1. For the stretch 140-168, enumerate the residues that are over 30 Å from G61 (Cα atoms) and open to solvent by 50 Å² or more (accessible area, probe 1.4 Å).
2. Going through A92, A84 one at a time, which residue ends up being of a type in the set (A, V, I, L, M), out of contact with any helix residue (DSSP H, G or I) (no Cβ under 8 Å at 6 or more places or on another chain) and either open to solvent by 40 Å² or more (accessible area, probe 1.4 Å) or assigned to a helix (DSSP H, G or I) (or both)?
3. If the requirement is being open to solvent by less than 20 Å² (accessible area, probe 1.4 Å) and within 16 Å of the chain's Cα centre (by Cα), which of these qualifies: S329, S270, S288, S275?
4. Has the stretch 169-183 got at least one residue that is within 30 Å of I16 (Cα to Cα), open to solvent by 20 Å² or more (accessible area, probe 1.4 Å) and of a type in the set (D, E)?
5. Taking interchain pairs and intrachain pairs at least six residues apart, which have beta carbon atoms under 7 angstrom, with the first residue in the stretch 113-134 and surrounded by 13 or more Cβ atoms within 10 Å (Cβ to Cβ) and the second modelled with pLDDT under 95?
6. Name the single residue that is surrounded by the most Cβ atoms within 10 Å (Cβ to Cβ) among those in the stretch 391-411 being more than 22 Å from the chain's Cα centre (by Cα) and either without any contact (Cβ under 8 Å) to a residue 24 or more places away in the chain or outside any strand (DSSP E or B) (or both).
7. Just wondering, is there one or more residues in the stretch 236-256 that are surrounded by fewer than 16 Cβ atoms within 10 Å (Cβ to Cβ), over 23 Å from L349 (Cβ atoms) and either within 25 Å of the chain's Cα centre (by Cα) or aliphatic (A, V, I, L, M) (or both)?
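The values are calculated or read from the model by the stated rules, or taken from the named source; none is laboratory data. These numbers were taken from a predicted model, which means no experiment stands behind them. Cβ sites come from the backbone with ideal geometry, for glycine too, and all protein chains shown count toward neighbours. Heavy atoms of the whole protein, side chains included, go into the accessibility calculation; ligands, DNA and RNA do not. Shrake-Rupley method; radii C 1.70, N 1.55, O 1.52, S 1.80 Å.
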Amino acid sequence: MSDNRFSYSADKLRQIARDILDYAKQRGAGAAETEVSEGFGQTVIVRHGEVETIEYNRDKGISVTVYIGKQQGHASSSDFSPQAVRDTVDAALSIARFTASDDCAGLADADLLARDIPDLDLWHPWSLPVERAIELAQVCEAAGFAVDPRISNSEGATVSTQESHFVYGNSLGFLDGYPSSRHSVGCSLIAGKNDAMQRDDWYETTRVPADLAAPETVGRRAGERALKRLGARKIATAQVPVLFEAPIASSLLGHFVSAVSGGSLYRKSSFLLDSIGQQVFAPFVKISDLPHIRKGLASSAFDGEGVATQARDVVKDGVVQVYFLASYSARKLGMKSTGNAGGNHNLILQDTGEDFAALLRKMGSGLLVTELLGQGINPVTGDYSRGAAGYWVAGGEIAYPVQEITIAGNLKDMFRNIVAVGNDVIRRSSRQCGSILVERMTIAGD
């Protein structure tokens with residue numbers, strides 16, 4: 001594909017990166033790395049059929065990290081002019097000279113850098129005139145209102161398209177980058193009136209605009225979800241099975257990633273210290289980190305330090321196999337980078353074969369959680385307590401909506417007590433899984 005949609009060509013980004021690295025060397029840096037990037041996009045929000053927001057964004061930036069021995073300095077700028085580039089390097093060098101030496105600081109190990117860069121097909125431009133974007137948002141919202149007269153209000157329908165490209169380079173000779181795109185359609189609606197109002201939403205995000213669901217489908221789903229929440233009630237405190245619906249189940253994967261990431265581990269602020277080789281999940285659980293999925297939302301041939309990425313099982317048979325490490329945290333732990341500077345890639349939790357209806361039947365009676373509120377997670381102990389809303393399930397079927405409850409437990413117990421993982425996978429973020437059924441948690445209600 002041509003890169004003439006951008007203000008700066010890929011070759012120009014490479015040249016700026018080379019200039020940065022050359023100037024850093026001239027000014028006395030023993031090593032240096034830089035990222036040069038540019039992005040642009042358009043976001044339209046329609047509310048009650050009228051345009052509420054049209055936003056155009058066009059951004060660019062350089063970030064520079066230099067090393068004088070084991071002293072590190074970092075600076076950034078949004079100015080690509082030659083003088084600004086030199087000033088940014090000089091600022092990073094000045095910071096480095098006043099920074100304490102750190103034996104773990106430095107570039108990634110040369111033998112880990114990516115050599116073969118596959119095309120992962122991540123850039124799919126969407127030539128979307130603003131008039132058409134407005135029309136799509138209006139169609140999306142109208143489909144939601146058409147679900148039922150009780151859909152009384154809207155928080156808006158959104159259509160967004162974003163494109164970017166970057167180049168990363170370091171003084172070990174690595175210099176590469178690629179363009180990417182991300183497009184989304186979403187809608188948030190309110191059902192009911194006065195004190196009986198309920199809201200819900202739906203959205204989709206893809207690399208390829210043609211892969212998005214029709215805006216009518218997105219709006220209709222948002223409306224149906226809001227409508228089902230009407231008549232929500234409280235429930236009594238109890239200990240029951242809990243089914244996390246797929247859109248929020250991925251948050252459990254997020255807590256796991258955080259606990260086995262380098263920063264939490266070397267600071268000893270994780271409830272999963274020394275967990276490699278330990279049974280953390282139920283024996284059937286398999287979690288894979290797959291960076292080379294074509295068109296994947298978190299696909300990349302190399303991480304933020306140029307380290308080659310590779311597919312790997314992070315959890316197998318419920319046992320932790322590896323951590324998520326960048327170079328610095330890996331050295332702190334006496335280990336090697338896993339190619340995860342910047343976080344996980346496409347993290348996939350393998351399902352156990354049941355669809356959503358089968359999970360409800362398997363649960364029998366319990367709580368289906370469709371919304372989580374607050375951030376009551378203790379990363380050191382794993383204690384988990386969050387506000388929630390969803391549905392009470394009886395006899396394997398949804399009985400009625402519930403609200404104003406708290407679900408509580410400990411992530412260690414929750415991971416071990418996963419009973420099943422649905423095949424209703426939601427693919428709109430870097431962490432992908434179906435609904436997750438946990439054997440038992442405490443529900444605090446009336």
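1. A142, F145, A146, P149, R150, E155
2. Result of the check over A92, A84: A84.
3. S288
4. Within the stretch 169-183, one or more residues are within 30 Å of I16 (Cα to Cα), open to solvent by 20 Å² or more (accessible area, probe 1.4 Å) and of a type in the set (D, E).
5. W123/M1; P125/R5
6. Checked the stretch 391-411; the qualifying residue surrounded by the most Cβ atoms within 10 Å (Cβ to Cβ) is G396.
7. Yes, that holds for at least one residue.
Residues are listed down the side, and each one gets a yes or a no for (1) among the β-branched types (V, I, T); (2) over 18 Å from the mean Cα position of the chain (by Cα):
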{"position": "I348", "(1), (2)": "yes, no"}
{"position": "A357", "(1), (2)": "no, yes"}
{"position": "M363", "(1), (2)": "no, yes"}
{"position": "S385", "(1), (2)": "no, yes"}
{"position": "A420", "(1), (2)": "no, yes"}
{"position": "D424", "(1), (2)": "no, yes"}
{"position": "T442", "(1), (2)": "yes, yes"}
